[in-house]
Amino acid sequence: MVKKILSLNMIKLSPIIIGKGEVKGITFTLIKRNGLDAMYKRSDGYFEVIKIIEQKAKTRILGGKEITTPDKEVYPRGEWWGIKGRGKCVGTIDVATKIFNERIKDDTATKK
């Protein structure tokens, strides 16, 4: 299986993210990453294992002006977690590491 790269100029997801919306006030710090799989430590003591989303560039009209956003990686929204299997939030680094390693193993098996 060949993975299509959206853009060589894709903006990578930051290793430090400041939460918005339902996670406002929480800082997320990257612990490890392999491809689109990543593990972040939250400032409230929890850990999140996510599948990063590659978002295509898009153009839209905002306030009467045309705005274009580039290809970029984004952190999955909360509503994408259960339905699309994009993330898990757990209480210990040991559990997060186990989930992360299983995802890497599953990704490797899928590529064969």
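Every number in this text was worked out from the coordinates using simple rules, so none of it is lab data. What you see is a predicted model; the values in this text were computed from it and never measured. Note that we place each Cβ from the backbone using ideal geometry, even for glycine, and neighbour counts take in every protein chain shown.
Before moving on, here are some points about what is shown:
- Computed from point charges on the beta carbon alone (+1 for Lys and Arg, -1 for Asp and Glu), the dipole magnitude for the chain about its Cα centre is near 280 Debye.
- A crude spin-label estimate for the pair T110 and Y46, with each label 7 Å from Cα along the Cβ direction, gives 2.4 nm.
- Leading residue at positive end of dipole, the stretch 16-111 (Cβ point charges), from A57, G82, I17: A57
- Calculated translational diffusion coefficient of the chain (10 °C, 1.306 mPa s; Stokes-Einstein with Kirkwood radius over alpha-carbon pairs) equals 103 µm²/s.
- Tilt relative to the chain, helix 93-111 - C-alpha long axis, 0 to 90 degrees, to 10: 70 degrees
- The stretch between K20 and T97, if pulled fully straight at 0.36 nm per residue, gains 25.2 nm over its current Cα-Cα span.
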